[in-house]
Amino acid sequence: MNTILVGAQWGDEGKGKIIDVLTEKADIVVRYAGGNNAGHTVFIGKNKYVLHLVPSGILRKNKLCVIGNGVVVDPIGLAEEIEGLKKLRVKTSPANFVLSETAHVVLPYHRELDAQREVLKGKHKIGTTKRGIGPAYGDKAARVGLRVNDLIEPSRLEEKLSMRIRENNAVLTSLGAKPLSFKKVFADYNAAGKFLKPFVQNTVVLLHEAMLKNANILFEGAQGTFLDIDHGTYPFVTSSNTTAGGACTGSGVPPHRIDRVVGVMKAYTTRVGEGPLPTENAEISDLLHGMGREFGATTGRPRRCGWFDSVATRHAAMVNGIDDLAVTNLDGLDTVETIRVCVAYQHGNARYDFVPNDAQALAECRPVYVEFEGWRAPTDKARSWKQLPAKARAYLKAIAELTNAKLFIASVGPSREQTIFV
């Protein structure tokens, strides 16, 4: 069975943990979009693993992990991540980890441009991670990007990099930034290319050969539905297709070979960075931050928090074709007396039961809430559906019904054991 796993909110839904759980029955795990601006945090026993580019399947034995053609790769960051995993005694070799030869490369001028553009926007900034992801995808669309197959050929890398650094230095200096040293960038990236070369393959052919052998493939989404470049709250989005369709374009596996889509969402709503978040609420933000929760895996930034938004998740279920829902962080609401759920948006005299495409209109929307009585009991020790408090079960059923998808998993903590299959 080939499964796409996507975030049904604004990212940070706890996909890393759910991917790790689902990987037990997968043969291959494919990352298909984004770059090292995303992070997956996985807890195994007492160990915490934070992954940025390497798929979460690397933490299980006998799984093949693939970075697909739709990802933009920071080669130095990836090399460091592989070395870091080896130090943690996580096997990472060409036998269990493969990098697409057509994935695009993030270069230092991409990061510099990212940072300078955010400065220029001032109060209108997007809130990017400044990892160069947007400019790298911009070069890809403009057909001037460097790909992994350029990175691993020193003479080709030297020629293309020389031209691109010359062009970008002119832009950087005009923005008041320092020019980059071609000599240093080439030396660093040539070394990273040599390190990564053994991992590089034609991943499209590899995946199709695996499907002929009936391999089970899990497509690992990064970020979330409302950060999608086409379907998100533009311009406060990332630069790739984070929705289910991106799994096909970012891997080369056609749509008719996909068997199901699993959507991951929190029992409440969070967002990192700027942009509209209709249910944002200071009370729940303070509660969750006070518990030491909701800080970004990649940036450490505190996430903005709000009540569960069923308008947004219903929209996400529609766009992604979500079959099954995994609801995470249920235990984050264990102490809340009255839980609110947004069921519609009010904008002036208009009432929306879908997400408006105009980010300004969305920012002006006011949530229409219904209330649920909290269960006021710990859920982190529950290991079955029946062990959950009755009010927690009622809440989960309600938000799944409001989302128009089937409840599949309830997660009550970060570890593998804290996973309830419904």
**Message:** Can you give me the Kirkwood hydrodynamic radius for the chain, using every pair of distinct Cα atoms, in Å to one decimal?
**Reply:** 22.0 Å
**Message:** Can you show me the helix-derived [θ] at 222 nm for the chain, built from DSSP H runs with n ≥ 4 at -39,500 (n - 2.57) apiece and divided by the number of residues, rounded to the nearest 500.
**Reply:** -10000 deg cm²/dmol
**Asked** For the chain, modelled as a GNM with alpha-carbon contacts under 10 angstrom, which of ASP309, ASP323, ASP20 fluctuates the most?
**Response** ASP323
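Stretch ASP353-LYS406 to full length: gain in nm at 0.36 nm per residue minus the Cα-Cα span? Walk me through the intermediate numbers first.
Details: separation 53, 0.36 × 53 = 19.08 nm, distance 1.95 nm.
Extending this stretch completely gives an extra 17.1 nm.
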**Item:** At q = 0.16, 0.23, 0.28 Å⁻¹, base-10 log of I(q)/I(0) for the range 192-261 (Debye sum, equal scatterers on each alpha carbon)
**Value:** -0.70, -0.99, -1.16
**the range 264-421: Cα Rg divided by the 2.2 N^0.38 Å rule of thumb** = 1.02
**Item:** Degrees between helix 75-87 axis and first principal axis of the chain (Cα, 0 to 90, nearest 10)
**Value:** 70 degrees
**Prompt:** Considering only the chain, what is the antiparallel percent among its DSSP beta bridges, to the nearest 5?
**Reply:** 40 percent
**Item:** Cα extents of the range 105-196 along the three principal axes, largest first (Å)
**Value:** 42, 22, 21
**Request:** Find the centroid of the Cα atoms in the range 20-93 and in the range 206-228, then give the distance between the two in whole Å.
**Result:** 14 Å
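FYI, it's all coordinate maths here, none of it is from the lab. Note that this is a predicted model, so its numbers are computed, not measured.
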